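Written out below as structure tokens is the structure these notes cover.
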Amino acid sequence: MTHWFHRNPLKATAPVSFNLYGVASSPAASKICNDLRTSRARLLDMFTDATCTPEIMKKATDEYLSLLQGFIVSLDGTGQENKLRFIQNFRWTDTLQGNTPSSQQDAVFELVSMGFNIAIWHTKFASRLAGKENITEDEAKDVHKSLKTAAGMFKYLKEVQIPRLITPAEKGRDLEPRVIDTYIVQSQAEAQEVTIARAIELKHNVGLIAALAFETANFYQKADHTLNTLDPEYSMKWRKYLQLKQHFYMAYAHCYHGQTLLASDKCGDAIRSLQEAETYYSRAEVLCKEYRQTKGPGSTAKPSEQLFFRKLGGLIKNTLEKCQRENGFIYFHKVPAEAPVLELKASYGLAEPISFELPALSDQCTLEVYATFDLTRGQKDDKAKVKPKPDEDIKPVKEPDVKSQIDTGCVIS
């Protein structure tokens, strides 16, 4: 499997007490506040638990978000804003810009930020699982599903929840379109990598493999271009990763397209396509070194050392030599000066985001209990009123140190 995935850090957040003493004027209201605090803490723990699975993550997510919706959705039937939406302050850091947090007194901001972290977790789970030695078919399916789940969550947040924020997303930070669009496209592209690995292993039609590789390269190019107006100080390492992936899959596309051309007795065109594959592969090797040398957020993979990467170099070399031999003995075709323009469309295997839906509102959040939250009484707990300074840093998340196993190629056992 390919498992050289660049991963930006998880977002970090300040603790939230939900201590609405005075405002929560009934035992049922106080229980909601207490359950919000404990379910939030439990969900945050899942982000750093190396044994956490998507099923466990979904359970923890549903428990917290079903309660949090009691501070967001309209419960009184009037369609007016929930009176509890702006009562609690939330602070979250950014995946690109270090430990200085953004702060908003808005439950929708909490929903978006937590949802963003859940999506990031799914990409990290996929990377960790794909890094196993001798990955099984079921595990490969889990990798594929997790990446499509992440894409779907990012897409949902962008289209449904982020537009609801009263305070617009800050430029260059996670919730603004350039950044979240890149996460969406990258997740889709990585899901397609799993499809390509599977197609190669099962020796599917070379035309389909070429088309999938070409579509995947275009995804990575789109993601890279989306980031080109961000500050290079915190985006360049990410961009180097996207660029090397684009060139790698363009090399794949030209390599397999060359095989398609040879099968159609177009040996001169096949040679030129393989030469173009060599050019892209050489550029990808350079980008691998540049990626490792570039400072910035995120993990440092070593793609040029992975067998999956090195096998492509050998495949291009051997296929090109075969084409040249055939041309010298059989075809005697002239090799064009220009490489063939790829206009490939994959009919199968394209990764679409899995649609995300919020869990149902918790049964605890009834209209009767909602009425016992009395904002006119004010909060008695002074600590709940005190807002930390916006520029006060939050410690980064201590993520598990998961090291990739030796890459055994793209075989899914």
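So the values come out like this:
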| quantity | calculated |
| --- | --- |
| Boolean, residue 41 is within 16 Å of residue 90 (Cβ to Cβ), outside any loop (DSSP other than H, G, I, E, B) and open to solvent by 30 Å² or more (accessible area, probe 1.4 Å) | yes |
| Scan of region 127-184 for residues that are without any contact (Cβ under 8 Å) to a residue 24 or more places away in the chain, farther than 29 Å from residue 198 by Cα and assigned to a helix (DSSP H, G or I), ordered by number | 159, 160, 163, 177 |
| Check on residue 131, open to solvent by less than 10 Å² (accessible area, probe 1.4 Å), modelled with pLDDT under 95 and under 24 Å from residue 302 (Cα atoms) | yes |
| Pair list, Cβ < 6 Å and 6+ apart or interchain, from region 281-292 residues that are more than 17 Å from residue 6 (Cα to Cα) to residues that are in a helix (DSSP H, G or I) and of a type in the set (A, V, I, L, M) | 281/251; 281/316 |
| Residue in region 61-68 that is among the aromatic types (Phe, Trp, Tyr) and in a loop (DSSP other than H, G, I, E, B) present | no |
| Selection count where residues are basic (Lys, Arg) and closer than 20 Å to residue 281 by Cα, scope region 317-340 | 2 |
| Failed criterion for residue 332 (all others in (1) surrounded by 13 or more Cβ atoms within 10 Å (Cβ to Cβ); (2) modelled with pLDDT under 90; (3) under 21 Å from residue 263 (Cα atoms) hold) | (1) |
| Filter result for residue 273 (in a helix (DSSP H, G or I) and closer than 30 Å to residue 96 by Cα) | no |
| Matching entry among 241, 234, 220 (being within 26 Å of residue 134 (Cβ to Cβ) and not assigned by the TED database to the domain that holds residue 121) | 241 |
| Region 236-269, subset open to solvent by 30 Å² or more (accessible area, probe 1.4 Å) and either within 14 Å of residue 200 (Cβ to Cβ) or not in a helix (DSSP H, G or I) (or both), residue modelled with the highest pLDDT | 259 |
| Total residues in region 171-224, condition open to solvent by 10 Å² or more (accessible area, probe 1.4 Å) and of a type in the set (Ser, Thr, Tyr) | 2 |
| Where a residue in region 21-50 is free of Cβ contacts under 8 Å to residues at least 60 places away in the same chain and at negative phi and its partner, wherever it lies, is assigned to a helix (DSSP H, G or I) and open to solvent by 50 Å² or more (accessible area, probe 1.4 Å), with Cβ under 7 Å and at least six apart | 39/63 |
| Candidate set: region 73-98, residues that are under 23 Å from residue 150 (Cα atoms) and not hydrophobic (A, V, I, L, M, F, W, C); chosen: the one modelled with the lowest pLDDT | 98 |
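The values are calculated or read from the model by the stated rules, or taken from the named source; none is laboratory data. In this text, all values refer to a predicted model and were calculated from it rather than measured experimentally. Here the Cβ is made from the backbone with ideal geometry for all residues, glycine too, and neighbour counts use every protein chain on show. Note: accessible area is taken over every heavy atom of the protein model, side chains too, but ligands, DNA and RNA are not part of it. Shrake-Rupley method; radii C 1.70, N 1.55, O 1.52, S 1.80 Å.
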